[in-house]
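Okay, structure first, notes after.
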Amino acid sequence: MSIEWYIVLSSLLFAIGATGILLRRSPIVILLCLELMLNAGNLALIAFSRMVGNEEGQIFALVVMVVAACEVVIGLGLIVALFRRRLPLDVDELRELRG
Amino acid sequence: MSATTWAWLVLLLPLLGSISIALGFRAIPARVAGIAGTAAVGLAFACAVAALIALLGEEPEGRHHASSLWTYASAGGLDIDLGIYVDPLSVLMILVVTGVSTLIHLYSFGYMRSDEGYHRFFSYLNFFVFSMLLLVLAGNFVLLIVGWAFVGFASYALISFWYRRTTATGAGMKAFVINVVGDIGLVLAAFLIVRELGSFDYETVFARAPEVFAQGEWTITAICLLLLVGAFAKSAQIPFHTWLPDAMEGPTPVSSLIHAATMVTAGVYLIARTNALFYLAPTAADIAAFAGLATLLVAGTIAIAMTDLKRAIAYSTMSQIGYMIMGVSIGAYSAGLFHLMTHAFFKALLFMTAGSLIAAMANRQDIDRMSGFWKAMRFTSIMFVIGGLALAAFPLTSGFFSKDSILAFAEARGGMYFWMAIGGYVGALLTALYTFRLIFRVLPGRPCEEAQHLIDTGELYHGPPINPATEEKEDSEVGFPGAEHHTAEQSKPMAVAMAVLACGALFAGLVQVPGVTNVLFGFLEPAFDDSPLAAIHPSVAHEWRGLAIGGVISLAGIGLAWLLWVARPELPGLFRARLRPVYQLCLNKWYFDEAIGLLVVRPALAIGRFADSTFERLVVDGIVNGARDTVSGAGGLVRVLQSGFVRSYALLLVAGVAGLTLYFLLSAS
């Protein structure tokens, strides 16, 4: 299979994720879409790694997964905190931090 | 020890006194502070005498020494030493300053006893003595300026000593501002000197000046005129004199020390010290002489009209300093300094007696209210008469010899200076007239209420505390005069100080009797023998003729005063009515305050208002507000982007990345 299919799939996943972030207002869905974008990146990395024939791309993919895990921990933690305070789970209404 | 070591000690002692009293005012009792302050200055006088003895032990040609402790500043090839210059001139000055200061400290010790702020007074007074000594001992122009500014500050602090009296603080500010104008003149002169001659040291400057400048060159004339601005402001000569009468708001010992005996003669000292420069600038010297002559005549006429005891004596001081300035400007250096010395004695004495009288009058100073003090205060009255006789140049008193030695020199120099001598004799008549006007109005006659109270009860009259100038109510807390001041009859130290000065006022002239003694001029000769003008000596016959004229004028003036204010007391009123414009002119001090207000103060205020309303509002505020508006406008623009909508940030991010990608793709293909 040629590399193009992988790249096309990766781009598609990335675009879906980006669109989701731009359109949805629920923080949980935004986190999901973020994961989607990260994994699109992972897919591209691994595909290129297979094509070039060394392991560096795969190592990067592992690093990205670690980062994704950390990010999810913080993101979900924030969401739980929001929920506990009975704040609306809507990013547009959480704009008090603006400067 | 050498003369310079003693001179350093002279300088050190009052400084130590001032600092220790200022720092220890909580710990030491008031009387101890007074004793310490007096002792410090007294010891300084002893050291000054020791310096004199050390100097007399040397050859007359070698009687000048420069001594330096360390380099004060060093920049651009210019080294300024913390150095003093000891020669007969500076030794005479330190003797007069420390001697008179010791007596005035002694006087203040009694006089100010019930004043709050006694420590402060003595600390200031010692600081003044230190500053004045620094001024006269300085070995270069920088230290001279330091001393010059220090005495200006000390004068300000002491005029405003009763700092809750608005009239006193106003007078202090006026004195300070006019003195700072003088300081600026002096500083500019020093700049010019160092530019042209490359040094601040007296010895170098005076040695190099004749090589660099031709006589009458405009640069040296400018230097001398700038020096004169300083000298005139400090010595209260026309047109910088208006601060001195107002300075009488200070306590009387201050008037006696600073505004009669020592500080106001600094201008005379300056001209005598820089005589080598003034010889090269005859125009400036003549201007100084004419200003001195004008001051002595104008101040004399004002003194006749003044009804405030201290202000009348202050105008007399201006007038006498006019003689000195005229003397040292025409070349009679020794004679000018002789008059400086005798004037210090009799004028300090006169102010002391004025203080004693004012104490008996419960702080009132108006001579219209005073009379009959001869019966009430015999000792003070005798001292007043002695001081008055010396001031009026009564034959054989000190003022008689010193004033006439100036006028004899002017006559001997001839030409235009002859007319200055004539002016001086007219001034002598005025002097005798105004001095004995004071005496005849205050001493004889029926005792006034206050004097009668003193005779009946033996105690001082006490009115409610008021400001004599404005009749405002006061109290006697700190910042105001104390509950009472003391008279010489009550206080031994005051009487001693006055008695010693009275001896000086009567007999100090005997050091320089023409043809008989030559103590002072002989001593000062090495200081001035470089000056070509020092070669002019009036003959002994000349001098005695001048003395005879002076004596006759003095007696005539006293007689005229007797006629006007004792024998025919209705005459002055008649003159006032007949010569109304002249009387008004004198009473209003020749309208100098008004003229300065019109010519200097109001234009300055107008410029200030213009700068405030136009330049400040439009230009300065325009720049500042413009910068502020630009920054806040740009900030407002950027702030719109900071909406807080996370998704719009994400959109920007995505759009940015997409844009960049598109750009690279396009540029790559």
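Numbers at a glance
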quantity	calculated
Subset of the stretch A:1-25 (residues that are within 11 Å of another protein chain (Cβ to nearest Cβ) and over 21 Å from residue B:658 (Cα atoms))	A:25
Scope the stretch B:360-379; condition surrounded by 21 or more Cβ atoms within 10 Å (Cβ to Cβ), part of a helix (DSSP H, G or I) and touching an Asp or Glu at 6+ places or on another chain (Cβ under 7 Å); matching residues	B:360
Condition check for residue B:567: touching a Phe, Trp or Tyr at 6+ places or on another chain (Cβ under 6 Å) and assigned by TED's automatic domain parsing to the domain that holds residue B:302	no
Matching residues, the stretch A:79-99, being within 12 Å of chain B (Cβ to nearest Cβ) and either of a type in the set (Gly, Ala, Ser) or more than 16 Å from residue A:33 (Cα to Cα) (or both)	A:92, A:93, A:94, A:95, A:96, A:97, A:98, A:99
The stretch B:261-294, subset outside any helix (DSSP H, G or I) and closer than 18 Å to residue B:229 by Cβ, residue nearest to the chain's Cα centre (by Cα)	B:274
Selection status of residue B:592, at negative phi and in contact with a His (Cβ under 8 Å, 6 or more places away or on another chain)	yes
Candidate set from the stretch A:32-58 (those that are surrounded by fewer than 18 Cβ atoms within 10 Å (Cβ to Cβ) and among the polar types (S, T, N, Q)); member that is modelled with the lowest pLDDT	A:54
Residue within the stretch B:482-498 that is under 21 Å from residue B:110 (Cα atoms) and among the acidic types (Asp, Glu) present	yes
Any hit, the stretch B:116-127, residues being farther than 30 Å from residue B:198 by Cα, among the small types (Gly, Ala, Ser) and not assigned by TED's automatic domain parsing to the domain that holds residue B:520	yes
Residues satisfying the stated conditions in the stretch B:144-159, i.e. over 12 Å from the mean Cα position of the chain (by Cα) and surrounded by fewer than 23 Cβ atoms within 10 Å (Cβ to Cβ)	B:145, B:146, B:147, B:157
Matching residues, the stretch A:14-31, being free of Cβ contacts under 8 Å to residues at least 40 places away in the same chain and either surrounded by 16 or more Cβ atoms within 10 Å (Cβ to Cβ) or of a type outside the set (A, V, I, L, M, F, W, C) (or both)	A:14, A:17, A:18, A:19, A:20, A:21, A:22, A:24
Test: residue in the stretch B:434-441 that is closer than 30 Å to residue B:331 by Cβ and part of a helix (DSSP H, G or I)	yes
Residue check for residue B:258: farther than 24 Å from residue B:209 by Cα, over 16 Å from the mean Cα position of the chain (by Cα) and assigned to a helix (DSSP H, G or I)	no
Set B:48, B:36: member being crowded, with 17+ Cβ neighbours inside 10 Å, out of contact with any Lys or Arg (no Cβ under 6 Å at 6 or more places or on another chain) and within 15 Å of residue B:6 (Cβ to Cβ)	B:48
Test: residue in the stretch B:174-196 that is within 22 Å of residue B:41 (Cα to Cα), among the small types (Gly, Ala, Ser) and out of contact with any Leu (no Cβ under 8 Å at 6 or more places or on another chain)	no
Sole exception among (1) assigned to a helix (DSSP H, G or I); (2) surrounded by fewer than 21 Cβ atoms within 10 Å (Cβ to Cβ); (3) in contact (Cβ under 8 Å) with a residue 40 or more places away in the chain; (4) of a type in the set (A, V, I, L, M, F, W, C) for residue B:73, by number	(1)
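Okay, residues lined up against (1) part of a helix (DSSP H, G or I); (2) over 45 Å from the mean Cα position of the chain (by Cα); (3) surrounded by 11 or more Cβ atoms within 10 Å (Cβ to Cβ); (4) within 14 Å of chain A (Cβ to nearest Cβ):
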residue: B:552; (1), (2), (3), (4): yes, no, yes, no
residue: B:561; (1), (2), (3), (4): yes, no, yes, no
residue: B:598; (1), (2), (3), (4): yes, no, yes, no
residue: B:619; (1), (2), (3), (4): yes, no, yes, no
residue: B:628; (1), (2), (3), (4): yes, yes, no, no
residue: B:644; (1), (2), (3), (4): no, yes, yes, yes
residue: B:666; (1), (2), (3), (4): yes, yes, no, no
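The values are calculated or read from the model by the stated rules, or taken from the named source; none is laboratory data. Note that the coordinates shown come from a computational prediction; the quantities given were computed from them, not determined experimentally. Cβ: placed from backbone, ideal geometry, glycine included. Neighbour counts: every protein chain shown.
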